[in-house]
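Asks: Handing you a structure now.
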Amino acid sequence: MERPRFETTGFFCGGREIIWFFSLSFTGPHDEVLNLSGHYVYPGLIDPHTHVGLLEEETGNFAGDDVNETTSPATPGVRAIDGINPMDAGIRNARNYGVTTVCVMPGSANVIGGEGVVIKTAGKSVDGMVVSSARKIVKMAFGRNITWTWSKKEKYPSTRLAVGAVLREKLNAAKNYMANPERVCTYEMEVLANLLKKEAIARIHVANLEDIETIARIAREFDFDYVLDHATALHTNVEFAKTLKVPVILGPLNVAGKSFQSYDVTFASVKILLEAGLLVSVMSDAPVIPLNLVRLQLFLIDRYRLDRSDILDLFTENPAKTLGIEKQTGSLGIGKDADFIVLDGDIFDYRSRIRSTYINGNAVGGEDYEMDS
Amino acid sequence: MKWILKNAILHPVTAEAFRGSLLIDKGKIAQINPPERKGTQTFDANGHHLFPGIVEEHCHIGTHGEKTNQTADQDTNEWSEPITPEMQALDGIKIFDFGFRMALANGITTLNIFPGSGSPITGVGVALKNDPSLRFEERILIKESGLKMAFGENPKSVHSKTSKTIQTRMATAALIRKAFQDALNYEKKKDKEYNRRMEILLKVLKGELTAHVHVHRADDIQTIIRIADEFGFKIHLEHATEAHLIPKIIVERQIPVAVGPMFTAKYKIEVNNRSLQTPAILERAGVKDLSLITDHPVIPIWNLPIEASMAVHYGLSEDLALRAITINPAKNLGLDHRIGSLEVGKDADMILLDRELLDPTHRVLYVWTNGNLSYDTEKEGMVL
Amino acid sequence: MRKKITNVTIHSIVQKPYKGELIIEDGKIAEVGKTCSQTVDEVIDGKGGLCFPGFIDAHSHIGLNAEGYGFEYDDVNEMTNPVTPEVRTEDAFVPTDAALKESALGGVLVHCVLTGSANPVGGLAFIVRHTPSNLTGDKVVQRDVGLKMATGENPKRVYGAKNQMPVTRMGTAAVIRKYLQDGKNYIEKKAKAEKEKKPFFETDLKLEIAEKVLKKIIPVRIHCHRSEDMLTAIRIKEEFGIRMVIEHATEYLKVREEIKKSGVPVILGPFMSCRPKVELKDMTYKTYKGALEDGVLMACMSDHPVFPSQVLRLQAGMAVAYGADEEGMFRALTIMPAQILGIDQDFGSIEKGKQASLCIWDGHPFDARSRVIWNDQDSWTTL
C-alpha cells in the first residue's frame, strides 16, 4: 500500500506552520506560490540519536570533540546544548540531505552521560534551534563501552558488575534528594529527579541482551521510562522484546562488526522488531554514519521488502513519537511545523535528489547547496 | 560439468545489456546464447539481472577480525617498524573469518586484501577468489598483488607513537626514499645474502610489482608521484580523496585511481575534502582507470555497489560506475583475462539480482563462483 | 504435560540407589518410586542409565568471563575499590556463556555465581540454573543470596600494588570490620528516624546490604585459604553475629575443630589445580575426607573458570581416591550445597515436589568416561 503523496499539488506555508494543503482551487490569501509540480514531498527526516555539533567533522580529532565528559562515570549535570556547534559540518549535512530534526546527546562513555536536546538543523544559535515540545532526555549507557573507558583508567566501574551499581547509586541519591525537605538544589539531582518524576525519559545506549535485561530490572526497581538505543541484540529474543513495551532506536546498521558486542548487528533487526509490534526508529549515530548518507540505511532496509510507508515511518513519525514531538513535526499535517523535503523523484530511488529542505517554512538547504559550498 | 543459465538479463559490463543465456563449462563461461541442448542442466533466471561477480580491489577482510576482539584479531598493521615490505597480508588472514561470507552473500567474488596503512611501506597484498568450496591455498589468484604503501596522517600518527621514527610527512617521504635506495644498493652488492625485504622492493623497481599507495591529500598525491618518478616505479592511488582537485595530473600520467571508502565521516583533517562527486569529476576530466573500494572494515563491504550508485547519483556515468567495481579493479590487479565481466572464456563468477546492481535496494539472489553455486540467499539469508 | 522416565537407577541422594521410575509435571517431580502409577503424556526410556539430581556448583564465576571472548568479557572483579557490596553478579552475567552448556554436559545444572576475591567486600551473588534460553531472567533461581568477602593474598596483592588499604591481612580485617560497623550505625540511624517519625533520606545502597547481612537475611560468603584467615573470619562472625560460609577453606584440616565448633559451612575446592600462591601450599584432596568425617555442612566447588565446572565431578572423584566416602561426595555435589545456598526445598535430591533438575548418566559420574545422555532442559544430549 502506497501512502498518498503530494506530487502535483502544493501546500501553503504561513509563517512557521503548515496551515493548509491546497488543491488548485485554493484561493485563500497568500504571498507566494511554491509550485512543486512533478516533485515528491516528504516530511523532513528525524534522526533520534546523533552527536552532531558535539563530535564535529572536519576538525581532526580533538578540537571539535565534546562528546564524552569522561571525568566521572555519572555526569547528569552536563548538557549537550552547551557543547553543540551549530556551524558543524554534520549539521550542515543534516539539512542539506533532508534531516530537519536531530536529537543530540552526549556519548556512551559514562553510565549517565548528561542531558540530550532535540534541535532543528538550521540556525546560527543553538537556542533558537531547540524543539521545545520534546520530552526531556537523560542519556545513559550500559555494557562494554563503559567498562572499556573506565577500566583503562583503573576507575570504578571497571566491570559490568558495577555499571548497574553506578546507576542505582545515583538514582538512590536522587530519591534521597527528593525526600529531603531541606534539600539544596543541585543540577545533577534535578535532572535525575525529573527522570523519576517521569518528566524526562532515559535514553540508554545498550548492545547485548544481558545488559538490556539489567536495564529492565533497574527500571522496574526505580520506576522510570526509557528508550533502548542501538539495542543490537534485542531481535534475538522477540518474546522478551515484546514484554519490555519500550521504544527502540536501532542502528547504526551500515557498519562492519568491529567487536564482539556488534556480533548481532543486522538490518534484519528492523524487520523482526517491527513485526513484533515495537515502536522502532533508525539512527545514524552521526557522525558514525554521516548524515549526508542517511538515505543509504533506508535503501538497505528496503532490501527486506517491508512496506515502504513503514520504512519511511522509521525515519519520520516513529522517531517523532519516541521524542514526544509528533504533534509538532515528523509528518505533514495542518498545524504542524512546515518541515519538509522536496525531491525530484521517489525517495527510494537512488537517483533522486533532495532539491530543497524546508524548516519552519523556510528553504534552508538541499543537495545542490552542499555542492556549491 | 556443463550447465546453462537461461532467461536472464545479462549485464556483461563490457557490452550493452541483453536478454539471453549462458553456457557454463568447467567453471568458465563457454558460450553466450547457446542453442538449447537436451540433457544439459538448465537454471532458469526468471528474467532477473545477471552481473559478473563484484571485485573489491582494496579491503582488509580476514586480517581484520570480523565481529571479534580487535586486540586478539588485529592482524592488519605490523606497526613495530616503518618499512616492512616483507609482510604478506596472506599470513595475517583468518581463513574462517565471517567477513568472507559477508562479502560472498553480497556478491563480491574477488577480494584483494592489503595490509593496513599504519606504515610508509606495510607489505604485499594478496588477491583471492572468494570461493568457499576451494581449499584456502587454491583460492589465491595472485600471491603478491601489489606493495601497499601509505602517506599522510596514518603513518605519522602511528609511528610517532610506536617506532618513534616519524613526526612529519617529510620523514615518511625520507623513509620511503631510503628504502628504495637501500634496495638499489643491495642489487649492486656482490656476494649478498638473500634479503626478502630488499627483493620485494626490487620487484617494485623492476615493474614486476605495483605500488598501491594509500593517500588522501592532493599534496601527498604529488609527493608520492615525485618519489615514484625519482625511482621510476609504477603506482596506483588508493583512496585519493583529493584527486578531484588535481585531475589533470592524474589524467596526464594515466595513474589508476581507487576511490573510497566514500561513506565515512570527515573524522580526520586529511579527508575534509571528501566528496561523493569525486568519481564524476575524475570521469569528466578523462580518467578511465577508476575503481571504487570499501576498505572493509572501514565501511562494510556490502557498500561497494552502493558507492557506485551514489557516484552515479552525483554524475558518474552508469557504464564507468559498473566498470569501477568489476572490470577496472580486475585490470588493476592484472586479472582482467579471468574475471570482471561476462565474456566467453572468463571464470563463471556471476551474481543474479532481482533489481539492477546500481539500484541499492536490489537483493542478491544467487552467487556463483567458478561456475558453482556458492550462495543461495533464499536458503542462507541476507548478510547485512 | 506429564513425562515419565523409566528404566533408570535412581540416585535420589536421600535413599540408597534403586531401579525405578519418576514422573515430571510442570518442571517438578510429581512421583518417584520403583513404579509410578499416574498416567503420562510421554515416556522417556532412560536406557538403563543412572538418574542423578543435577549437580550444584556452589561457588563459580561462570558467565562473568564468557569463554573465548577475552578481556572484553572479563567481569569477575571490580578491582577499583576494596568495598563494593553494591555490585551484583546478575548485572554482569552472560547467559550465553558456552561454559554453561558444557557444564550441563558434565552434570552441573545449578551454579551459584559470585564476584571474584580481589575485594575484602566483593558483591552480591545469585543462583542460576541451566536452561536453553538466552536470557538471564529465565535462568535465575534466586537473587542476592550472599555477600562475597575475601581474605588472604588476593586483596593484599591487588590493593598493595596501588598502595591502598588493605596491604596486609590486618588491613583486610579492618576494612571488613569498618564496613560492618558502618552498617550497624546505619541501622541505628534508620531506627532513630523511624522512632522520631522523621523522613529518612540518607538511604545508602552499600549499607542496605550490610543491614541484610547484620539481620542475618543473607550470609557472608568469605574467601579463605589459610587457617589464620578462617579463624579471622570466624572471629568477625562472632563479633557481629552474622551468618557465614567459608569458601575454599584450603587449610581446613589444620583448624577443623574450630570450624566444627563455629557451625560455619565450608565450600571446598578447587583442589584440582596447581599451587601458584603461597596460601595454597598445603592444598590436598584429603580435606574432603576430613570435612565429611567431621560432619560439617560441606560442598565441592569448581571456582569456574579456575577449574572448569564441566569436570567438577572429577574433583569429587579424586576426593574419593584420597579416602572420602563416595556417597558423601555425591551429597557434597547435591543436597549439601543446596542446604548451604538455602535452595534445598527445590534442589539437591530426587524427591517428590522438588524441581526436576535431573541428569541421566550412561555410567558412574566419577568415571571420566561417563557422559550425561539426558537432562531435563536439553533432552537427549550429545557432546
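Asks: Cross-link partners among aspartates and glutamates for B:Lys203, C-alpha distance below 18 Å, same-chain residues fewer than 8 apart left out?
Replies: Within reach: B:Glu86, B:Glu144, B:Asp182, B:Glu187, B:Glu193, B:Asp229, B:Glu230.
Asks: Suppose every Lys and Arg Cβ carries +1 and every Asp and Glu Cβ carries -1, with no other charges. What dipole size does segment C:268-334 come out with about its Cα centre, to the nearest 20 debye?
Replies: The dipole of segment C:268-334 has a size of about 240 debye.
Asks: Can you give the average number of partner chain beta-carbon atoms within 10 Å of each beta-carbon in peptide B:308-315, as a whole number?
Replies: Averaged over the peptide's residues, the number is 3.
Asks: Within 10 Å of each candidate Cβ there may be at most 12 other Cβ atoms; applying that plus a DSSP loop requirement, which trypsin sites (Lys or Arg not before Pro) in segment B:191-221 survive?
Replies: Details: sites: B:Lys192, B:Arg196, B:Arg197, B:Lys203, B:Lys206, B:Arg217; in loops: B:Lys192, B:Lys206, B:Arg217.
When the trypsin sites (Lys or Arg not before Pro) of segment B:191-221 are filtered for loop state and at most 12 Cβ neighbours within 10 Å, B:Lys192, B:Lys206 remain.
Asks: Specify whether the C-alpha gyration tensor of the protein assembly as shown places it in the rounded, prolate or oblate class, a ≥ b ≥ c being the square roots of the eigenvalues: rounded for a/c under 1.5, otherwise prolate if a/b is larger than b/c and oblate if not.
Replies: Prolate is the answer for the protein assembly as shown, as a/c is 1.5 or above and a/b outweighs b/c.
Asks: Positive end of the dipole of chain A, charges at C-beta (+1 Lys, Arg; -1 Asp, Glu), about the Cα centre: which of A:Thr186, A:Pro43, A:Ser108 has its Cα farthest in that direction?
Replies: A:Thr186
Asks: Sorted by packing (mean other beta-carbon atoms within 10 Å per residue), highest first, where do B:265-275, B:55-65, B:316-326 land?
Replies: B:55-65, B:316-326, B:265-275
Asks: Averaged over B:265-276, how many beta carbons belonging to a partner chain fall within 10 Å of each residue's beta carbon?
Replies: Taking the mean over all residues of the peptide, I get 6.
Asks: Please state the charge dipole magnitude for the protein assembly as shown, taken about the Cα centre, from unit charges on C-beta atoms (+1 on K and R, -1 on D and E), reported in debye and rounded to the nearest 20.
Replies: 2320 debye
Asks: Then there is this: How do B:Ile255, C:Ile259 rank when sorted from fewest to most other Cβ atoms within 10 Å of their own Cβ?
Replies: B:Ile255, C:Ile259
Asks: Here's something else I'd like to know. Let a ≥ b ≥ c be the square roots of the eigenvalues of the Cα gyration tensor of segment B:53-341; is it rounded (a/c under 1.5), or, if not, prolate (a/b larger than b/c) or oblate?
Replies: It comes out rounded by the Cα gyration axes.
Asks: Using just the helices of chain C, give the 222 nm mean residue ellipticity in deg cm²/dmol: DSSP H runs with n ≥ 4 each add -39,500 (n - 2.57), and the total is spread over all residues, rounded to 500.
Replies: Roughly -8500 deg cm²/dmol at 222 nm, from the helical runs in chain C.
Asks: Let me have the 222 nm mean residue ellipticity of chain B computed from DSSP H runs of 4+ only, each contributing -39500 (n - 2.57), with the sum over all residues rounded to the nearest 500.
Replies: -7500 deg cm²/dmol
Asks: In addition: Among A:Lys245, C:Lys178, B:Lys156, rank each residue by its count of other Cβ atoms within 10 Å, from fewest to most, as a rough exposure measure.
Replies: Lowest to highest Cβ neighbour count: A:Lys245, C:Lys178, B:Lys156.
Asks: If each residue's Cβ is checked for other Cβ atoms within 10 Å, how do B:Leu352, A:Leu312 rank with the fewest at the top?
Replies: A:Leu312, B:Leu352
Asks: What residue among C:Gly27, B:Ile108, B:Pro85 has its Cα farthest toward the positive end of the dipole of the protein assembly as shown, where the charges are +1 on Lys, Arg and -1 on Asp, Glu, each on the Cβ?
Replies: Most positive-ward Cα: C:Gly27.
Asks: So which of A:Lys153/C:Lys156; C:Lys28/C:Lys215; C:Lys215/C:Lys286; A:Lys139/C:Lys215; A:Lys258/B:Lys164; C:Lys212/C:Lys261 end up more than 30 Å apart, counting from Cα to Cα?
Replies: Where the Cα-Cα span goes over 30 Å, the pairs concerned are C:Lys28/C:Lys215; C:Lys215/C:Lys286; A:Lys139/C:Lys215.
Asks: For chain B, what is the charge dipole size about the Cα centre, in debye to the nearest 20, if Lys and Arg each add +1 at the Cβ and Asp and Glu each add -1 at the Cβ?
Replies: Working: 46 positive and 49 negative charges, 123 e Å.
With Lys and Arg at +1 and Asp and Glu at -1, about 580 debye.
Asks: Treating the angle as unsigned and between 0 and 90°, give the value, to the nearest 10°, between the Cα long axis of helix A:160-179 and the longest Cα principal axis of chain A.
Replies: 90 degrees
Asks: Quick one: angle between helix A:187-196 and the longest Cα principal axis of chain A, in degrees between 0 and 90, rounded to 10, please.
Replies: The two axes meet at around 80 degrees.
Asks: Which one of B:Ala127, B:Leu290, B:Ala218 has its Cα pushed farthest toward the positive end of the charge dipole of chain B, where Lys and Arg give +1 and Asp and Glu give -1 at the Cβ?
Replies: B:Ala218
Asks: Would you calculate, for chain A, the mean residue ellipticity at 222 nm contributed by helices, counting each DSSP H stretch of 4 or more residues as -39,500 (n - 2.57) and dividing by all residues, to the nearest 500?
Replies: Mean residue ellipticity at 222 nm (helix-derived): -8500 deg cm²/dmol.
Asks: Filter the GluC sites (Glu not before Pro) in segment A:179-230 down to the DSSP loop ones having no more than 12 other Cβ atoms within 10 Å, then list what survives. Walk me through the numbers on the way to the answer.
Replies: Working: sites: A:Glu182, A:Glu188, A:Glu190, A:Glu199, A:Glu210, A:Glu213, A:Glu221; in loops: A:Glu182, A:Glu199.
Counting only loop positions with at most 12 other Cβ atoms within 10 Å, the GluC sites (Glu not before Pro) in segment A:179-230 are A:Glu182, A:Glu199.
Asks: Go through C:Lys148/C:Lys254; A:Lys155/C:Lys277; B:Lys156/B:Lys178; A:Lys175/C:Lys198 and tell me which ones have a Cα-Cα distance over 19 Å in this structure. Intermediate values should be presented prior to the final figure.
Replies: Numbers: C:Lys148/C:Lys254 23 Å; A:Lys155/C:Lys277 26 Å; B:Lys156/B:Lys178 17 Å; A:Lys175/C:Lys198 16 Å.
Long pairs (Cα-Cα over 19 Å): C:Lys148/C:Lys254; A:Lys155/C:Lys277.
Asks: Can you grab the distance from the C-alpha centre of segment A:224-289 to the C-alpha centre of segment B:205-269, Å, no decimals?
Replies: Each part reduced to its Cα centre gives a spacing of 39 Å.
Asks: Here's a follow-up. Share of antiparallel DSSP beta bridges in the protein assembly as shown, in percent to the nearest 5?
Replies: Percentage antiparallel, nearest 5: 55.
Asks: Taking each residue in A:55-64, count the Cβ atoms of any other chain within 10 Å of its Cβ, then average. What number comes out? List each step's numbers first, then the result.
Replies: Values: counts 2, 3, 8, 9, 5, 7, 5, 0, 1, 0.
That works out to 4 on average.
Asks: Relative to the longest principal axis of the C-alpha atoms of chain A, give the angle of the C-alpha long axis of helix A:209-222, reported between 0 and 90° and rounded to the nearest 10°.
Replies: 80 degrees
Asks: How about segment A:322-373: which GluC sites (Glu not before Pro) there lie in a loop by DSSP and see at most 11 other Cβ atoms within 10 Å?
Replies: none
None of the figures in this text is laboratory data; all of them are computed from the coordinates on show. This one's a predicted model, so the numbers in the text were calculated from it and none came from an experiment. Reconstructed Cβ throughout: ideal geometry from the backbone, glycine too, with neighbour counts over all protein chains shown.
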